[in-house]
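Inspection log for the structure reproduced underneath, given as structure tokens.
The values are calculated or read from the model by the stated rules, or taken from the named source; none is laboratory data. On a predicted model such as this, the values are computed, not experimentally measured, just so you know. Note that we place each Cβ from the backbone using ideal geometry, even for glycine, and neighbour counts take in every protein chain shown. Ligands, DNA and RNA are excluded from the accessible area calculation, which covers all protein heavy atoms including side chains. Shrake-Rupley method; radii C 1.70, N 1.55, O 1.52, S 1.80 Å.
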Amino acid sequence: MNTYKYKDFADMIREETGFGWEDIKDNLPVYQTTVLIDIMTELGLFVNKQLAQEISIRDNAVFYLRKLIQDGKYWHRRGPRDGWSPIHVIHILPLIRNKAAFELLLDIIRYHEDDLDYWLTEDVPSLMVAFGEEFIEPLKEFTEDETLEAFARSTATEALGALGIKFPQHQNEIKQHLIKLLKSTEDGTFAGIVADGLASFHDPSVMPVIHRAFKEGRIDDPFVDEEELEDTINGVFHDLDADNFKRNTANPLDYFSMENIERLHLINSKEEEEEEFEPENNMSQNKKKIGRNEPCPCGSGLKYKKCCMGT
């Protein structure tokens with residue numbers, strides 16, 4: 001039974017953009033890459049799997065996707081189709097899955113951390129994981145870059161944690177790398193994120209390292225609780241950890257599904273309505289300490305660390 005507002009994706013595209021998808025979909029393979037990217041931009045949010053895959057198989061896709069990313073007009077609302085194109089790009093890059101695409105994704109994180117906003121902590125780790133185990137080494141190098149902000153680096157530590165679970169043969173080397181980061185970083189917030197990543201392996205042997213980091217004052221983050229990390233290691237948050245792993249190993253192509261695009265459309269419409277009337281902040285809620293693994297008070301349904309913790 002179809003539970004969507006629209007009977008199919010073509011119907012959604014037509015209703016929301018006035019674009020006649022049925023008239024062009026069979027001709028996509030003969031279009032130049034630049035034309036495909038122009039179509040993606042024109043569609044705004046409403047890009048489907050067929051178009052995303054067609055762009056991803058082009059030999060020159062990374063070149064033209066990089067040009068789009070470098071053009072600032074695509075990044076913000078009220079620009080070309082309201083800033084959705086760069087978000088589509090980061091989800092197309094793992095479909096290409098080569099070194100150039102991976103390096104472009106890292107550059108986007110480096111130079112557009114603030115522009116990515118919610119997508120940085122929510123989707124980027126899964127996009128890194130989608131590149132596969134052969135990209136573990138460059139991910140490790142990315143986490144060692146102290147010039148990056150903590151939450152930009154944390155995308156790679158979270159991806160490494162998921163890769164360590166997905167590919168057990170790499171788990172020990174990843175664990176040792178995170179321990180090295182915890183011992184060497186001078187960023188107290190990043191140290192807390194790394195400790196949280198270590199705890200996700202549910203290995204009691206890492207707890208002395210975490211205790212030592214707290215004792216030495218390396219972890220300087222009010223949202224990281226020593227007892228909560230121990231609970232994580234002991235499997236207290238098993239269901240949440242399972243959901244987190246599922247999210248971090250999601251197929252990037254699922255982003256372009258009708259279900260997800262309609263969900264994003266509803267969220268986007270709600271945000272636009274709220275921009276017209278922004279209620280007063282609940283000061284008592286803002287002052288209350290929220291655990292990293294607790295549900296985010298914004299109501300997203302995500303863990304706090306995966307949602308508004310960095311904002």
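Need one number: the % of Cα-Cα pairs in segment 42-141 sitting beyond the 19 Å mark. Walk me through the numbers before you get to the answer.
Numbers: 1944 of 4950 pairs.
Roughly 39 percent, once rounded to a whole number.
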Any idea what log10 I(q)/I(0) is at q = 0.16, 0.18, 0.24 Å⁻¹ for segment 5-59, Debye with uniform C-alpha scatterers and no solvent? -0.44, -0.55, -0.96
Over segment 32-89, give the accessible area per residue in Å² for a 1.4 Å probe, as an integer. 45
At what distance in nm do the modelled label points of Q50 and R14 sit from each other, each positioned 7 Å from its Cα along Cα→Cβ? 1.3
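Given the chain, what whole percent of its Cα pairs are spread farther than 37 Å? Mind showing how you got there, number by number?
Values: 9597 of 48205 pairs.
That fraction is 20 percent.
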Rounded to the nearest 10 degrees, what's the angle between the helix 150-166 long axis and the longest principal axis of the chain, both from Cα atoms, 0 to 90? 90
What full-extension length gain, to one decimal in nm, is calculated for E227 and E186 as 0.36 nm per residue of separation minus the Cα-Cα distance? 12.5 nm
In whole percent, what relative contact order does the chain give with Cα contacts below 8 Å and a gap of six or more residues? 15
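Over 26 Å between Cα atoms, which of K140/K166; K7/K166; K25/K67; K67/K246; K180/K215 qualify? Before the final figure, lay out the partial values.
Values: K140/K166 16 Å; K7/K166 36 Å; K25/K67 24 Å; K67/K246 32 Å; K180/K215 17 Å.
Among K140/K166; K7/K166; K25/K67; K67/K246; K180/K215, the Cα-Cα distance tops 26 Å for K7/K166; K67/K246.
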Can you give me the convex hull volume of the Cα atoms of segment 98-211, divided per residue and expressed in Å³? 93
Compute the angle between helix 238-248 and the longest alpha-carbon principal axis of the chain, please, reported from 0 to 90 degrees and rounded to the nearest 10. 40
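For segment 6-144, which whole percent of the accessible surface, found with a 1.4 angstrom probe, sits on carbon and sulfur atoms?
Working: 2660 of 6120 Å².
Here it works out to 43 percent.
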